[in-house]
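Before any comments, here is the structure.
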Amino acid sequence: KKLMAIFARVRSSASLFAVLFACHALHGKAILSSSHVFSNHKGGCGKTTILFHTAGEYASRHKDEKILVLDTTLRGDLSELLLGGDKQAAGKQAVQAVTPFASTTRLFMLAAAASAAHAEHNSGVTNPLTAIVGAMFGTEGGRKPSEIDLEKSVVKCSSFNRKVPENVYLCPGGSGPQTSYPKQQRVEVAEALRKALEESKDTWKVFVDSDGDQGFSDYTKIAHALCDCVVIPLKTNVNDFSNRCVPMLEELYTMRVAGEARSRIQLVVWNEVAVQKNQASSVSGIITPSKAAQGVIEMLNSLVAEVASTYPDLFYNAPPEDRGQVVEFCSASTMCMRDFGVTGMAASEHGSCFCCLKAGKLEGGRLTYDISHDSLSSASA
């Protein structure tokens, strides 16, 4: 109940960033401050865009932390945004240059090797193949590495793109076919990554982008084993919620029961909501959608509450026990995100987080964007 009250309070008065900051405060000032995976079985719902701007905003307000963005997707759209954006294919070119040396696929392989080396050391039994392979690849003493060097496994985004805060680091996706991992190894990879983050001399905040498939890929399953919290962006469509989001929640619940996932749902974000007025309403603390949209959102919120009651322990906030608690639960577990419009288009083309975007004219590949202070402020809210 205390957790629900905190989330409801910040959600009713501020942005997605404020809700994630509340989670950061609850985790305390640890070496791994908190970790969020943006996930859904529905593609095109805004996972990548919202994560991009949230990571930038968080980084700009926490300059003493290092923000690690893991792109576990096949296409690597988030990687392209962070490394330069769409204009003149700057981001795509940077991803192609970087991924032979640093990628999520490579990081997961290093984590698997570190986990295997740790298990071998604890068992006291030496595998002769370990020494041979280690010697071939130049690891110390002919052994597989037992530690993950995070600094050598990621890239500093601002080295390629000055429109991203300097404390944002990326492990890129889009590097080609993904490696398959059996269940136990997925868990071990996630545990090895958490161990590296928790034992680091730096404080890390982790954001993970995932593919919007009809089922979790192995990389998405590793993300759910790694992260504590899930953010689910979804447009206000009842069919999408029933046919894509609910199966995703069922799959996550099954993984949690099997001990394969640690993540729980912190927030469902109703994305690209058309705003009628910039003032509080029955469904949002900062915007008023049209009356029809509010009706759909209220219906969706009630469906979220039903799912939470059906699958215990799947959400961070305790599910409502009666109808009187539904509003409180939904206030803490859901929020509305406005349509970013032209401002969002300009930000994506130039690979600029809202926190680094300036008001004024901005030359695009085909368009000249005129970014007003009001539109930029609204997009950041």
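The values are calculated or read from the model by the stated rules, or taken from the named source; none is laboratory data. What you are looking at is a predicted structure, and each value in this text was computed from that prediction instead of being measured. Neighbour counts are summed over all protein chains in view; Cβ atoms, including those assigned to glycine, are modelled from backbone coordinates with ideal geometry. Only protein heavy atoms, including side chains, enter the accessible area calculation; ligands, DNA and RNA are left aside. Shrake-Rupley method; radii C 1.70, N 1.55, O 1.52, S 1.80 Å.
Annotations for the structure displayed:
- Kirkwood hydrodynamic radius of the stretch 28-95, Cα pairs, Å: 13.3 Å
- Label zone (ALA89, point 7 Å along Cα-to-C-beta; backbone nitrogen cut-off 17 Å) within the stretch 168-194: 174-176.
- Hull shadow area, averaged, the stretch 211-282 [alpha-carbon convex hull, nm²]: 5.9 nm²
- Residue-wise HN-Hα couplings along the stretch 176-190, as the Karplus relation 6.51 cos²θ - 1.76 cosθ + 1.60 with θ = phi - 60° gives them from phi, are x, x, 8, 6, 8, 10, x, 3, 4, 5, 4, 5, 5, 4, 4 Hz; Gly and Pro carry x.
- Label-reachable residues, the stretch 335-376, where backbone N falls under 17 Å from a point 7 Å from SER290's Cα toward its Cβ: 337-341
- Whole-Hz ³J(HN,Hα) from phi, Karplus 6.51 cos²θ - 1.76 cosθ + 1.60, for the stretch 319-333, glycine and proline x: x, x, 8, 8, 4, x, 9, 5, 4, 5, 4, 5, 5, 8, 10
- Sites SER302 and ALA258 - FRET efficiency at Förster radius 22 Å, r taken between beta-carbons, to 0.05: 0.15
- The stretch 302-317 - phi-based ³J(HN,Hα) in whole Hz, Karplus 6.51/-1.76/1.60, Gly and Pro as x: 5, 5, 4, 4, 5, 4, 4, 6, 6, 10, x, 6, 7, 9, 5, 8
- Between the amide H of GLY364 and those of TYR369, distances stay under 5 Å, these residues lying 5 or more places away or on another chain, with hydrogens modeled in the peptide plane.
- Between the stretch 80-107 and the stretch 258-314, the alpha-carbon centres lie 33 Å apart.
- Candidate aspartates and glutamates for bridging to LYS201, where Cα separation is under 19 Å - those fewer than 8 sequence places away on the same chain excluded: ASP64, GLU65, GLU147, ASP149, GLU151, GLU166, GLU191
- Taking Cβ atoms as reference points and 15 Å as the exclusive limit, the residues near PRO100 contribute a net charge of +3, counting Lys and Arg as +1 and Asp and Glu as -1.
- Per residue, the accessible area of the stretch 198-291 comes to 37 Å² when a 1.4 Å probe rolls over the protein heavy atoms.
- Rg/Rh ratio calculated on Cα atoms of the stretch 59-107 (Kirkwood radius): 1.02
- Positive minus negative residues near VAL296 (Lys, Arg vs Asp, Glu; Cβ under 13 Å): -1
- Each label was represented as a point 7 Å from its Cα along the Cα-to-Cβ direction; for MET345 and THR179 these points are 4.2 nm apart.
- Note on ARG323 and ASN122: the model spin-label points, each 7 Å out from Cα along the C-beta direction, lie 5.1 nm apart.
- A simple count of charges around THR48, restricted to other residues whose Cβ falls under 12 Å of its Cβ and scoring Lys, Arg +1 and Asp, Glu -1, yields -3.
- Square roots of 5 times each gyration tensor eigenvalue, C-alpha, the stretch 183-316, largest first, Å: 31, 18, 12
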